[in-house]
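A.B. asks: Shown below is the structure under consideration.
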Amino acid sequence: MKIIFSLLLTSILAVQQLPAQPSDDNHGSAVRASDASYAPLLLYTNGAGRIIPFEDGQMLQVGRRYFMIAIPDRGCVFANWTPVSVFTTTAIVTNNGVPTVLTNTITSTGPAYTRCPALIFTMQPVEVIEENSLLTISVSEGWQANFVPARKWFQK
């Protein structure tokens, strides 16, 4: 089974182009390079497992389709992918005449999206909801891979 899974993953990755730009930027900000826009891919895991081939915060081109896969650790199984909305608030607060930048991030997961560990998605831009000289509120979209212990999964 592992050999078939490895061959399938290798062939999909060989056929599918996965260009990505490494991130030196924080979450919540988009980068524009020539005619292409880039945004950070926000990835989360719940349970024991990992996501390949991307890393949390990696800059990807907005509007392009990408492929990633969730791989459970030994003793666990993949349960599902859930979409995640990440709201980031950045405020400038003056304390005794010294401006300080405060950032707060809130995540909100949606309902289960798919039970297939392979996910094809289109990269979404960071959307600025509110912006003025003292406050910026933006929302980014990401994904959470959910893993559960194998015993719990098969007892259902």
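Each reported figure results from applying straightforward, stated rules to the coordinates on display, with no laboratory input. Only a predicted model underlies this, so the values are computations on that prediction, with no experimental measurement involved. Counting neighbours? That spans all protein chains shown, and the Cβs are built from the backbone with ideal geometry, glycine included.
A.B. asks: With no solvent and one equal point scatterer per Cα, compute the Debye intensity ratio I(q)/I(0) for region 19-154 at 0.14, 0.22 Å⁻¹ and report its log10, rounded to two decimals.
C.D. replies: Results for region 19-154 at q = 0.14, 0.22 Å⁻¹ read -0.70, -1.29.
A.B. asks: Under the rule of at least 5 residues apart or a separate chain, name every residue whose amide H is placed under 5 Å from the amide H of Met59.
C.D. replies: Under 5 Å from the amide H of Met59: Gln21, Ser23, Leu41.
A.B. asks: Using the basic label-point model (7 angstrom from Cα toward the beta carbon), what is the Cys116 to Thr94 distance in nanometres?
C.D. replies: If labels sit at Cys116 and Thr94, their model points lie 5.5 nm apart.
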